[in-house]
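The values are calculated or read from the model by the stated rules, or taken from the named source; none is laboratory data. Computed from a predicted structure; not experimentally measured. Because the Cβ atoms are built from the backbone with ideal geometry, glycine has one as well, and the counts that use them run over all protein chains shown.
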Amino acid sequence: MTDLLALAYPWTKALHVMAVISWMAGLFYLPRLFVYHAERGQQGPEPVQSFRIMEEKLLRMIMNPAMVVSWVAGLALVLTPGIVDWTMVWPWTKAAGVLGMTWFHMWLAGQRKALLAGHGLTGRRYRMMNELPTLLMALIVLSVIVKF
């Protein structure tokens, strides 16, 4: 098994990077859709329905699969011999960042349901929350590249 993981390492790493890019795009864009939904969605039935469709498709068809592939490929990378030294700090900070991203993803899914029920946050609050994935991304990238 470990020989297979080592042989597949470059492909697994490429798949992981592509999945993370897709996941991050969704994590950046969905809160922006929530801002528009919260601020402009009340101007009639058509904008609300359009926002609901875009939010649902982004989450279900792009973000959820991208998150799953990111996790599966990431775990395969972690299991590849010689890739991660758990005595260093960086794997732990990256893991914390990934768990934070996953929490944010689930929070967004909950907010979509709240918006559907008419109980979402204000546009300003969604703008503020939209900064969280940027901070987590910086933590993750610095952890992996600088390896502090």
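Residues that are farther than 19 Å from MET67 by Cα and at pLDDT 95 or above: does segment 135-144 have at least one?
Within segment 135-144, one or more residues are farther than 19 Å from MET67 by Cα and at pLDDT 95 or above.
When you go through LEU108, LEU121, LEU116 one by one, which is the residue that is among the aliphatic types (A, V, I, L, M), within 16 Å of TRP23 (Cβ to Cβ) and touching a residue at least 24 places away in the same chain (Cβ under 8 Å)?
LEU108
Return only the number of the condition from (1) surrounded by 12 or more Cβ atoms within 10 Å (Cβ to Cβ); (2) assigned to a helix (DSSP H, G or I); (3) of a type in the set (Val, Ile, Thr) that ILE53 does not satisfy.
Single failed check for ILE53: (1).
For segment 84-91, check the following and say yes or no: at least one residue is exposed (fewer than 14 other Cβ atoms within 10 Å of the Cβ), at pLDDT 95 or above and touching a Ser or Thr at 6+ places or on another chain (Cβ under 9 Å).
There is at least one residue in segment 84-91 that is exposed (fewer than 14 other Cβ atoms within 10 Å of the Cβ), at pLDDT 95 or above and touching a Ser or Thr at 6+ places or on another chain (Cβ under 9 Å).
Taking the options LEU59, LEU5, LEU77, LEU30, name whichever one is of a type outside the set (Phe, Trp, Tyr) and modelled with pLDDT under 95.
Of the residues listed, the single one that is of a type outside the set (Phe, Trp, Tyr) and modelled with pLDDT under 95 is LEU5.
On the given criteria, is THR12 loosely packed, with under 13 Cβ neighbours inside 10 Å and either touching a residue at least 40 places away in the same chain (Cβ under 8 Å) or among the small types (Gly, Ala, Ser) (or both)?
Answer is no for this residue.
Residue by residue through segment 103-112, note down the ones that are more than 17 Å from ALA138 (Cβ to Cβ) and either out of contact with any Gly (no Cβ under 9 Å at 6 or more places or on another chain) or polar (S, T, N, Q) (or both).
MET106, TRP107, ALA109, GLY110, GLN111
Please find, among ALA38, ALA73, the residue that is of a type outside the set (D, E, K, R), in a helix (DSSP H, G or I) and closer than 27 Å to THR122 by Cβ.
ALA38
Specify the residue that is nearest to the chain's Cα centre (by Cα); the eligible residues are those in segment 103-120 that are surrounded by fewer than 17 Cβ atoms within 10 Å (Cβ to Cβ) and among the aliphatic types (A, V, I, L, M).
MET106
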